[in-house]
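Visitor: Below is a structure I'd like to ask you about.
The values are calculated or read from the model by the stated rules, or taken from the named source; none is laboratory data. Keep in mind that what you see is a predicted model, and the values were worked out from it rather than measured. Neighbour counts run over all protein chains shown; Cβ positions are idealised from the backbone, glycine included. Surface areas here come from the heavy atoms of the whole protein model, side chains and all, with no ligands, DNA or RNA. Shrake-Rupley method; radii C 1.70, N 1.55, O 1.52, S 1.80 Å.
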Amino acid sequence: MEKTILKIEGLSKNYKNVNAVQDLSFDVKEKMVYGILGPNGSGKTTTLGMLLGVIRPKKGSFSWFENGMIDANRKRIGALLETPNFYPYLTAEQNLKIVALIKEIKDAPKEIDRVLKLVSLYERRTSKFKTFSLGMKQRLAIASVLLGDPEVLVLDEPTNGLDPQGIAEIRDLIIHIGQQGKTIIIASHILDEIEKVCSHCVILKNGQLIRTGTIGEIIGNENDVLIKVASLDLVKLNAFILQHKDIGLFKELSGKLVLRIENSLNPTTLNQLFFDNGIVLSELSIYNETLESQFLEIIKKS
């Protein structure tokens with residue numbers, strides 16, 4: 001049975017007349033890479049702030065490690081909530097020594113070497129922080145979060161402000177850490193980041209939960225096919241779809257149609273079915289939705 005790392009029930013926070021988070025509930029299981037996705041102002045950072053004890057909830061509750069809301073839970077969590085603050089005139093190694101001292105890390109030199117190697121900064125350990133690129137600075141921040149080998153990582157917008165190379169480096173690092181069995185919670189407004197890194201996600205809008213599930217469930221493309229027919233066959237096709245309970249028109253897309261089909265039908269069977277009813281397809285393929293297009297559709301409807 002999967003262990004529940006985080007359980008949130010009815011979590012809410014308001015600032016005067018602004019409802020930053022409203023009645024939020026979801027679970028994060030062990031070893032998940034879980035995304036909290038939403039546009040700016042959707043309540044992502046406020047949610048993380050409450051979960052980490054920085055912000056007091058208005059109502060509701062959460063439990064880490066099936067252990068309630070006690071402060072001791074935070075010792076098992078590595079968190080990066082804002083832009084990392086390091087001393088620019090100190091080296092990567094020296095900055096991490098300060099973090100290790102604050103965290104009371106045992107065998108600090110060995111642990112610092114371990115995390116620097118993990119984030120591919122070991123060769124630059126004696127370089128001053130001010131000489132680092134933005135991507136390297138963010139990797140050092142993640143190294144500081146990894147000190148002490150916490151059970152959970154909480155990252156708020158980890159690729160914010162980075163160039164494409166820096167984004168790719170951080171994304172690959174998070175994937176690598178996740179593959180080692182670490183539970184990771186990431187808040188981001190960058191859809192591509194969530195789609196490529198996370199196994200599960202929750203979508204927020206104006207502080208409210210709009211959708212939650214695996215990335216595959218949210219994209220919802222397992223039973224979608226993309227077809228194209230000659231204009232003469234469109235009337236025939238629409239009439240046939242209305243009669244057939246296992247086929248539904250999902251949406252139109254650049255002169256083509258996306259159909260949602262039941263599990264009993266596969267593309268080969270579908271093609272034959274149309275042909276037998278006098279409808280000739282000029283194109284038939286599995287439709288691979290992106291999280292971006294599905295996200296925009298979800299937000300628009302909410």
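Visitor: Counting only residues that are of a type outside the set (Gly, Ala, Ser) and surrounded by fewer than 17 Cβ atoms within 10 Å (Cβ to Cβ), which one in region 213-222 is modelled with the highest pLDDT?
Guide: 214
Visitor: Now for a different question. Determine if region 52-65 includes at least one residue that is open to solvent by 10 Å² or more (accessible area, probe 1.4 Å) and within 19 Å of residue 199 (Cα to Cα).
Guide: No: zero hits.
Visitor: Let me ask another. For region 53-97, give me each residue that is in a strand (DSSP E or B) and aromatic (Phe, Trp, Tyr).
Guide: 62, 64
Visitor: Something else now. Restricted to region 66-78, and to residues that are open to solvent by less than 60 Å² (accessible area, probe 1.4 Å) and of a type outside the set (A, V, I, L, M), which residue is nearest to residue 22 (Cα to Cα)?
Guide: 68
Visitor: Going through region 84-102 one residue at a time, which ones are open to solvent by 60 Å² or more (accessible area, probe 1.4 Å) and within 13 Å of residue 124 (Cβ to Cβ)?
Guide: 94
Visitor: Also, I was wondering about something else. Residue 151 passes all but one of (1) open to solvent by less than 50 Å² (accessible area, probe 1.4 Å); (2) closer than 21 Å to residue 35 by Cα; which number fails?
Guide: (1)
Visitor: How many residues are among the basic types (Lys, Arg) and within 16 Å of the chain's Cα centre (by Cα) if we restrict to region 1-48?
Guide: 3
Visitor: Still on this structure, I have one more. Just name the residue that is surrounded by the fewest Cβ atoms within 10 Å (Cβ to Cβ) out of those in region 1-16 that are of a type outside the set (A, V, I, L, M) and more than 9 Å from residue 30 (Cα to Cα).
Guide: Out of the qualifying residues, it is 16.
Visitor: What are the residue pairs meeting all of these: first residue in region 87-112, first residue more than 11 Å from residue 147 (Cα to Cα), second residue open to solvent by 80 Å² or more (accessible area, probe 1.4 Å) and assigned to a helix (DSSP H, G or I), Cβ atoms under 7 Å, and 6 or more apart or on different chains?
Guide: Within 7 Å, the pairs are 88/130; 89/130; 92/124.
Visitor: Name the residues in region 107-148 that are open to solvent by 70 Å² or more (accessible area, probe 1.4 Å) and farther than 19 Å from residue 175 by Cα, would you?
Guide: Of everything in region 107-148, those that are open to solvent by 70 Å² or more (accessible area, probe 1.4 Å) and farther than 19 Å from residue 175 by Cα turn out to be 107, 109, 110, 123, 124, 126, 128, 130, 131, 134.
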